[in-house]
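The values are calculated or read from the model by the stated rules, or taken from the named source; none is laboratory data. What you see is a predicted model, and the numbers here were worked out from it, not measured in a lab. Glycine also receives a Cβ, built like all others from the backbone with ideal geometry; neighbour counts cover every protein chain displayed.
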Amino acid sequence: MQWLTAVRGEAGLIPSRLARWRWLAGGAWAIACHSTVVRRAASVVAAVVAGTVVVVLAWHPGSTNPAVPVERAGLIGTVVLLALLPWVLRPILGPVASNGAARRTRRFGYFGVYLLLLVIALLSRFAGSRFDHFEAFDPGAWRADMRDGAWVSALLLAGLVGGYAVLVLALTARRSALPPRVLTWATGLGAAAAVVLYALMPLGNPRHLPSSGLQVAYEAVLIAVPIAALVAVGPVAGRRFTAGVVGGLGAGATAAVVLAVLTLATMLLFPGQVALEWDNPSPLVAHGTPYEIRMSVGDAAIKYYLALMAGPIAGLMLGTVGGMTAKIRPR
Amino acid sequence: MTRARRPSPQTVTVLAALAAAPDSWRYGYELGQEVGLKAGSLYPILIRLTERGLLEAQWEDEVTPGRPRRHMYRLTEDGLTAAAQAVEAARPFIRPRLATEGL
């Protein structure tokens with residue numbers, strides 16, 4: 001409060017009204033941003049707004065699918081988990097590390113986790129809408145199966161998204177943060193690898209090129225880019241073994257989230273362009289029905305869920321390889 | 001793993017301006033005018049320096065009707081040492097600016 005009074009005290013001596021208001025506004029804003037109370041309040045507001053947006057956009061009204069209420073409850077639970085995790089982990093990990101790289105990574109990382117939750121929820125809604133008014137032969141058994149499956153999916157989603165949130169918090173917290181240089185390189189290399197993979201496979205399925213030589217080169221790049229990026233973290237970022245290991249983990253997680261968000265969002269925007277992985281075998285039925293599209297989009301998305309689970313593990317393993325090959329810098 | 005953070009060029013400029021007259025109490029607006037910083041940039045620097053014990057602050061004695069009392073700032077002993085080190089470290093980067101200020 002004393003700093004606000006100090007700003008007001010100076011403002012009284014500024015002759016021009018406009019300059020006086022600019023001084024007051026600039027000073028008040030800067031002091032508010034510096035205030036821990038205001039920053040914490042802003043983070044609570046941001047979590048509530050982000051969570052509300054995700055839940056509202058994925059609400060899915062009017063469906064008779066018994067999985068929908070369960071998915072809704074799971075989504076609300078995940079949103080609450082994301083809002084609580086920073087507060088729960090703060091006594092263990094400490095506040096955000098006092099460097100720009102950690103603050104930026106935490107801000108963008110948490111935003112990325114919310115985006116991930118949003119695209120997964122929207123895709124689940126899109127793919128699941130094929131059961132909106134589904135008539136089963138054995139409705140009782142079908143409803144029980146759908147509900148059980150939805151609970152498992154909701155728990156998996158909470159675990160997956162919550163795990164990424166914990167990783168973002170841990171890699172940027174004062175007691176466990178990566179050094180700024182390693183953090184910057186790890187997230188940068190991970191995001192760059194994801195963008196290249198997305199450019200090569202924007203709709204979730206590999207392309208089929210006309211020449212076999214091109215096809216081999218295309219597939220080689222698909223495999224080599226993520227491996228090279230994850231192995232490179234250690235030698236490039238820290239030239240230390242631990243930089244490779246933990247940096248690789250960060251790079252793998254970043255790559256998986258960025259790739260999943262970009263690709264799942266593109267699939268949602270252009271579902272008709274996603275290759276039909278499943279179609280009706282009957283020659284009498286026209287292909288490309290909404291049911292087939294929804295099922296194919298859901299099937300194509302599964303590999304990105306798997307990548308979200310495997311990305312950090314692959315990053316850890318390849319980062320370890322990179323750390324071992326790094327030229328150790330003398331302390 | 002942690003390193004002492006190098007102060008920003010703006011912080012060095014504020015430290016240099018305060019160190020130029022170490023015994024004088026300085027006012028915020030006047031200081032901002034001198035170093036070319038607006039309130040939005042100046043006050044975070046003043047707050048940080050105060051929190052680190054490099055700057056002492058007190059309210060002016062004189063009470064003027066119609067406006068709050070003003071805050072005055074002066075470097076502490078630690079602040080003077082830190083200012084000398086920061087200016088020295090930053091000299092290669094901001095030599096022209098410091099030279100015009102006679103430092």
Looking at B:Leu49, is it in contact with a helix residue (DSSP H, G or I) (Cβ under 9 Å, 6 or more places away or on another chain), more than 21 Å from A:Ile14 (Cα to Cα) and more than 13 Å from every other protein chain (Cβ to nearest Cβ)? no
Could you tell me whether any residue of segment B:42-54 is closer than 25 Å to A:Trp21 by Cα and small (Gly, Ala, Ser)? no
Within segment B:15-25, count every residue that is farther than 16 Å from B:Glu77 by Cβ and more than 9 Å from the chain's Cα centre (by Cα). 1
List the number of the failed condition for A:Thr263; all other conditions in (1) over 25 Å from A:Gly109 (Cα atoms); (2) of a type in the set (Val, Ile, Thr); (3) modelled with pLDDT of 85 or more hold. (1)
Name every residue in segment A:179-216 that is assigned to a helix (DSSP H, G or I) and more than 21 Å from A:Leu230 (Cβ to Cβ), in order of residue number. A:Ser212, A:Gly213, A:Leu214, A:Gln215, A:Val216
Conditions (1) closer than 30 Å to A:Ala141 by Cβ; (2) within 14 Å of another protein chain (Cβ to nearest Cβ): number failed by A:Cys33: (1)
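Residue-by-condition table, conditions (1) in contact with a strand residue (DSSP E or B) (Cβ under 7 Å, 6 or more places away or on another chain); (2) under 30 Å from B:Lys38 (Cβ atoms); (3) assigned by TED's automatic domain parsing to the domain that holds A:Thr78:
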{"site": "A:Pro15", "(1), (2), (3)": "no, yes, no"}
{"site": "A:Arg22", "(1), (2), (3)": "no, yes, no"}
{"site": "A:Ser43", "(1), (2), (3)": "no, yes, yes"}
{"site": "A:Val56", "(1), (2), (3)": "no, no, yes"}
Determine whether A:Ala19 is farther than 30 Å from A:His133 by Cα and either more than 14 Å from chain B (Cβ to nearest Cβ) or under 28 Å from the mean Cα position of the chain (by Cα) (or both). no
Which one is farthest from B:Thr81 (Cα to Cα) among residues in segment B:1-28 that are assigned to a helix (DSSP H, G or I) and of a type in the set (Gly, Ala, Ser)? B:Gly28
Only residues in segment A:1-24 that are charged (D, E, K, R) count as the first member; pair them with residues that are part of a helix (DSSP H, G or I) and modelled with pLDDT under 90, Cβ under 9 angstrom, at least 6 apart or cross-chain, and list the lot. A:Arg20/A:Ala11
Given the options B:Glu34, B:Glu62, name the one that is at pLDDT below 90, surrounded by fewer than 21 Cβ atoms within 10 Å (Cβ to Cβ), among the acidic types (Asp, Glu) and over 18 Å from B:Ala82 (Cα atoms). B:Glu62
What are the residues in segment B:45-59 that are of a type outside the set (Val, Ile, Thr) and either touching a Leu at 6+ places or on another chain (Cβ under 9 Å) or not in a loop (DSSP other than H, G, I, E, B) (or both), if any? B:Leu46, B:Arg48, B:Leu49, B:Glu51, B:Leu54, B:Leu55, B:Glu56, B:Ala57, B:Gln58, B:Trp59
Would it be correct to say that B:Glu62 is part of a helix (DSSP H, G or I) and within 14 Å of chain A (Cβ to nearest Cβ)? no
Going by the conditions given, is A:Ala136 among the aliphatic types (A, V, I, L, M), in a loop (DSSP other than H, G, I, E, B) and not assigned by TED's automatic domain parsing to the domain that holds A:Ala251? yes
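Residues B:Leu42, B:Leu80, B:Leu31: which one is part of a helix (DSSP H, G or I) and either among the aromatic types (Phe, Trp, Tyr) or more than 11 Å from chain A (Cβ to nearest Cβ) (or both)?
Result: B:Leu80 is the single residue among B:Leu42, B:Leu80, B:Leu31 that is part of a helix (DSSP H, G or I) and either among the aromatic types (Phe, Trp, Tyr) or more than 11 Å from chain A (Cβ to nearest Cβ) (or both).
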Residue match in segment A:226-241 (condition: farther than 16 Å from A:Leu183 by Cα, of a type in the set (Lys, Arg) and touching a residue at least 12 places away in the same chain (Cβ under 8 Å)): no
Of the listed residues (B:Thr50, B:Thr81), the one being of a type in the set (Ser, Thr, Tyr), exposed (fewer than 15 other Cβ atoms within 10 Å of the Cβ) and out of contact with any Ser or Thr (no Cβ under 6 Å at 6 or more places or on another chain) is B:Thr81
Going residue by residue through segment A:179-199, is there one that turns out to be without any contact (Cβ under 8 Å) to a residue 60 or more places away in the chain, surrounded by fewer than 24 Cβ atoms within 10 Å (Cβ to Cβ) and over 17 Å from A:Ala307 (Cα atoms)? yes
